[in-house]
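Asks: Let me begin by handing over the structure; questions about it come next.
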Amino acid sequence: TMTIHSEEHIVDVHVRSGVYSSDTIFDYTHGYIATRLFSRNACFIMKIQKEIIPDLEEIGRLAFERETMRDVYSPNNVWARFQTGSSRLGHFKDWILYGKYIENLCTGLPLYE
């Protein structure tokens, strides 16, 4: 499921698929995306790259198209590959940088950037 909070410039994406379940936050105000993978019990954070990641309005339009047409092919699919390396727990300065929505998603979990 996808929820778009236009006023806060936030998109929540919840995937419920057994071992592949995840929650993702697109925080356009702070410019970061965080994905919490439940099978890994970890958070992966990346900076929003405007040339690759659709803006808030475009995500809403693509979600609407997909919902109304179901099997829409879009060349705008974005895949990210994270390489696990060293992780760390978030600190106060991280949450100022990433914002409260990502803090709520990732507090107490190892962070991979």
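Asks: Do you know which residues across segment 1-21 are open to solvent by less than 20 Å² (accessible area, probe 1.4 Å) and either under 19 Å from residue 99 (Cα atoms) or at pLDDT below 85 (or both)?
Replies: Initially, segment 1-21 is screened for residues open to solvent by less than 20 Å² (accessible area, probe 1.4 Å), giving 10-11, 21.
Correct list: 10, 11.
Asks: I'm trying to understand the selection: among the residues of segment 30-57, which are among the small types (Gly, Ala, Ser) and closer than 29 Å to residue 18 by Cβ? Quick ask: steps written out before the conclusion?
Replies: Of the residues in segment 30-57, the ones among the small types (Gly, Ala, Ser) are 31, 34, 39, 42.
Answer for segment 30-57, where residues must be among the small types (Gly, Ala, Ser) and closer than 29 Å to residue 18 by Cβ: 34, 39, 42.
Asks: Also: For segment 22-60, give me the residue count where each residue is part of a strand (DSSP E or B), open to solvent by 50 Å² or more (accessible area, probe 1.4 Å) and under 19 Å from residue 7 (Cα atoms).
Replies: Count: 0.
Asks: Kindly check whether there is at least one residue in segment 18-25 that is aromatic (Phe, Trp, Tyr) and without any contact (Cβ under 8 Å) to a residue 24 or more places away in the chain.
Replies: Applying the first criterion (aromatic (Phe, Trp, Tyr)) to segment 18-25 yields 20.
Okay, now just the ones that are also without any contact (Cβ under 8 Å) to a residue 24 or more places away in the chain, so 20.
Scanning segment 18-25, I find at least one residue that is aromatic (Phe, Trp, Tyr) and without any contact (Cβ under 8 Å) to a residue 24 or more places away in the chain, so the answer is yes.
The values are calculated or read from the model by the stated rules, or taken from the named source; none is laboratory data. Note that this is a predicted model, so its numbers are computed, not measured. In this analysis, Cβ positions are derived from the backbone assuming ideal geometry, glycine residues included, and neighbour counts consider all displayed protein chains. SASA here: full protein model, heavy atoms, side chains in, ligands and nucleic acids out. Shrake-Rupley method; radii C 1.70, N 1.55, O 1.52, S 1.80 Å.
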